[in-house]
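Take a look at the structure set out below.
The values are calculated or read from the model by the stated rules, or taken from the named source; none is laboratory data. All values reported here derive from a predicted model rather than from experimental measurement. Here the Cβ positions follow ideal geometry from the backbone for every residue, glycine too, while neighbour counts run over all protein chains shown.
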Amino acid sequence: MANKRFILEKVERNLKQRGVAAVQSGDSVLVTKTGGDVLTVSYVDKSVQSPMGGVSDAASPFLGIGIAAPGSLKIKGAAGENTLAAIMDQKEALELMHELAGYANDVVVEAGDSTAELARVRGHEHLLGMGS
């Protein structure tokens, strides 16, 4: 199990370095696109039975993830953004996708008005954020 806070802090920091307006708010990062729409990035834990899924970050944030069971990074569209085209309509959204795609985690894009999964981009264990 990963430590969500550290992953989200890294996402926020890296986006800010690229000039994208991002702020961490609780268990999510809010990314403001040109025009004012806000995308919400969150970490969704993988549902794997312990100990195979690793040690809970509540018990120890320094132990590993078990058998490579990282969770997913989720981009949720703003209200009214219910298609990939509507969510990925500004450069900030593409910068965000570029950042999240650099991790071992799957990236899920979710509609703004529901929990409908619009897309899932598979992560790969050889990427920068391996084990995140």
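One line per residue, one yes/no per condition, for (1) within 17 Å of the chain's Cα centre (by Cα); (2) surrounded by fewer than 19 Cβ atoms within 10 Å (Cβ to Cβ); (3) modelled with pLDDT of 95 or more; (4) not hydrophobic (A, V, I, L, M, F, W, C):
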{"position": "Met52", "(1), (2), (3), (4)": "no, yes, no, no"}
{"position": "Phe62", "(1), (2), (3), (4)": "no, yes, no, no"}
{"position": "Ile75", "(1), (2), (3), (4)": "yes, no, yes, no"}
{"position": "Gln90", "(1), (2), (3), (4)": "no, yes, yes, yes"}
{"position": "Leu128", "(1), (2), (3), (4)": "yes, yes, no, no"}
Scanning the stretch 86-126 residue by residue, those in contact with a Ser or Thr (Cβ under 8 Å, 6 or more places away or on another chain) and either part of a helix (DSSP H, G or I) or free of Cβ contacts under 8 Å to residues at least 12 places away in the same chain (or both) turn out to be Lys91, Glu92
Of the residues in the stretch 32-45 that are at pLDDT 95 or above and hydrophobic (A, V, I, L, M, F, W, C), the one that is nearest to the chain's Cα centre (by Cα) is Val41
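Being surrounded by 13 or more Cβ atoms within 10 Å (Cβ to Cβ), in a loop (DSSP other than H, G, I, E, B), at pLDDT 75 or above and among the β-branched types (Val, Ile, Thr) narrows it down to one residue among Val20, Val48, Val29, Val11; which is it?
Result: Val20 is the single residue among Val20, Val48, Val29, Val11 that is surrounded by 13 or more Cβ atoms within 10 Å (Cβ to Cβ), in a loop (DSSP other than H, G, I, E, B), at pLDDT 75 or above and among the β-branched types (Val, Ile, Thr).
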Within the stretch 94-119, residues surrounded by 14 or more Cβ atoms within 10 Å (Cβ to Cβ) and farther than 24 Å from Asn3 by Cα come out as Ala111, Gly112, Leu118
